[in-house]
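Report on the structure given below.
The values are calculated or read from the model by the stated rules, or taken from the named source; none is laboratory data. Everything quoted here is computed from the prediction, not taken from an experiment. Cβ atoms come from the backbone with ideal geometry, glycine included; neighbour counts cover every protein chain shown. Quick note on the areas: whole protein, heavy atoms, side chains included, nothing else; ligands and nucleic acids left out. Shrake-Rupley method; radii C 1.70, N 1.55, O 1.52, S 1.80 Å.
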Amino acid sequence: MAYDFLLAYRGKLSAGAIRPEPPEDGERKLELIVLFTGVANTLKALDTAMCMAEGLNARVRLVVPQTVPYPLPLASPPVLLEFTEDCFRKIAEVQSVETAVEIFLCRDSYTLWQEVLLPHSTVIVGGSKRWWPTKEQRLARRLQKMGHEAIFATAAIPEGKFLHA
Amino acid sequence: MSAGRVLIVDDDPQIRRVLKIALAGEGYETGEARSGEEAEERLREMRYDLMLLDMNMPGMGGLATCKSVRESSDIGIIMLTVRDREEDKVAALDAGADDFITKPFSTPELLARIRAALRRAPMAPDSGVQQCALGDAHIDFQERKVTVHGKEIRLTPKEFDLLRYLVLHPNRAIPHRELLRAVWGPDYGEEVEYLRVFIKQLRRKIEAKPDDPAYILTEPWVGYRLRLPESL
């Protein structure tokens, strides 16, 4: 079976102060998964994730989907991976913790979530709330329906302002 | 055994020192804070039975601190002040203080008022339920230890505080807001999703069937309820 996604990058976002790894005790650690939904939205989601991770002794994983249209080969995304990495550098500048990050090249992000997320995962989606559901709100609702524990983190900075500042 | 935990909140280090010595002599455990803001921090970190609160402090004053603490805690509060006017006493009591004592005061009088306040104070967690059994899970609040089938389970401080609050208020539907304020502090109240995740983790660690919990129950649209076994 041919998969419609490809793991393009796996690494760790590190910033100034890195939280020391808690001692391993053999227990399976809870993983909080943050879905990349733009820089400002993701920052808010990461804030929420960090806050929760400290209280739960959990680890944070940032999953980034990069959609590749069908005319292009899956391994040749229209947006350069360097650009995506640049976005992460911006995130790293304002984060004070270490986060595992995975960039996936995919045809459709929803298919990616179905394949990548383990059942009953705790997923954090950053976005802004409006009276008419935003794309991120709809994503959170859809993940909830898929059986995941979806948490919607409201972004303080409107999406777009961060990149152009 | 400690006679109780008292938090001394005063910007004057001399007064803090004198009070600390007097209280330690009577078997009280003490904590210190130099301001209202610091007092709130201390209360978040540890459970106290009583707070001795100076009325005149820089920054967040005694009255504001008293009001803020009272919103989320039923700790006993005795206000200390140099003022002796009727309106000051009224303001302090209206802000949520249980008693009022004017400086300079004698140590025996202060200790008597502390004893009286502690008698009136609701049952503190550390002086009340020490141990609790929820099915196969055994919780020791003094040692902060949880064992399931004899095997020790690690709970994070937040998870433990959450469980302790639930055990102290058994068989009662505790609203989300109350739980959040009691465990996370007065700045919280809307973060229902935090509770969802923490409760889920607690169930995974304590309940035999986390998907069909027997003890930590969800009260839809309200909050959570801890169902204690009949034998307890």
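Taking the stretch A:51-76 as the range and being part of a loop (DSSP other than H, G, I, E, B) and either within 14 Å of chain B (Cβ to nearest Cβ) or surrounded by fewer than 18 Cβ atoms within 10 Å (Cβ to Cβ) (or both) as the test, the residues that pass are A:ASN57, A:ALA58, A:PRO69, A:TYR70, A:PRO71, A:LEU72, A:PRO73, A:LEU74, A:ALA75, A:SER76.
Looking only at residues in the stretch A:107-154 that are over 15 Å from the mean Cα position of the chain (by Cα) and within 14 Å of chain B (Cβ to nearest Cβ), the one that is nearest to A:ASN41 (Cα to Cα) is A:LYS129. Out of B:LEU155, B:LEU179, one residue alone is in contact with a strand residue (DSSP E or B) (Cβ under 9 Å, 6 or more places away or on another chain), open to solvent by less than 10 Å² (accessible area, probe 1.4 Å) and either closer than 18 Å to B:ARG47 by Cα or free of Cβ contacts under 8 Å to residues at least 40 places away in the same chain (or both). It is B:LEU179.
Looking only at residues of the stretch B:187-204 that are more than 9 Å from chain A (Cβ to nearest Cβ) and of a type in the set (A, V, I, L, M), we find that the one that is farthest from B:LEU134 (Cα to Cα) is B:VAL192. Of all residues in the stretch B:30-59, those satisfying the criterion of being among the aliphatic types (A, V, I, L, M) and buried (at least 16 other Cβ atoms within 10 Å of the Cβ) are B:ALA33, B:ALA39, B:LEU43, B:LEU50, B:MET51, B:LEU52, B:LEU53, B:MET55, B:MET57.
Taking the stretch A:32-50 as the region of interest, how many residues are more than 10 Å from the chain's Cα centre (by Cα), open to solvent by less than 30 Å² (accessible area, probe 1.4 Å) and either basic (Lys, Arg) or within 14 Å of chain B (Cβ to nearest Cβ) (or both)? Result for the stretch A:32-50: 3. Take A:THR99 and decide whether it is crowded, with 20+ Cβ neighbours inside 10 Å, more than 14 Å from chain B (Cβ to nearest Cβ), in contact with a Lys or Arg (Cβ under 9 Å, 6 or more places away or on another chain) and at pLDDT below 85. When the stated conditions are applied, A:THR99 passes them. Residue check: B:CYS132 meets all listed conditions (1) away from chain A (no Cβ under 14 Å); (2) modelled with pLDDT under 85; (3) part of a loop (DSSP other than H, G, I, E, B) but one, namely (3).
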